[in-house]
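Report on the structure given below.
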Amino acid sequence: MSKAKGPDDDRPAPSTSEADAALSGKLRDLERRIGASRDARKEKDGPEKPAGPGYGMALRLGADFVAGVLVGGALGWGIDQLIGTSPWGLAVFLLLGFGAGLLSVMRSAGVVAKRPGIDDDPAGRR
């Protein structure tokens, strides 16, 4: 290890409090500029939009349809096993489940009028 001096060795080392104060000042300035930029962007873009309100409705409609088809298929399969009319029960109840699922989707979407007192969904009132 050599004891040679470099060009910066003659300069006194800054105290840690001076360096901390300088860094704190720079940090406050940066936070102020970021805040001003963020406020300007909010004014330019307008209010924030909700994150995908249609996704919940799409999932509900898909689940209604799939549930109707699955329940119809399960009922048809069960009837075929009990009575022994394979594949007629499955075919008929699968089509009925398809129709029920489609009707449920159309009611949820508001295409077909809901039945008063029967289709009242307390979760939809929120």
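Values in this text are rule-based calculations from the coordinates and carry no lab data. Note that the coordinates shown come from a computational prediction; the quantities given were computed from them, not determined experimentally. Please note: Cβ atoms are built from the backbone with ideal geometry, for glycine as well, and neighbour counts cover all protein chains shown.
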(message) Please report the net charge: other residues with Cβ closer than 12 Å to the Cβ of LEU27, K and R +1, D and E -1.
(response) +1
(message) Assuming 0.36 nm per residue, please report the length gained on full extension of the stretch ARG41 to GLU18 beyond their Cα-Cα distance.
(response) 4.8 nm
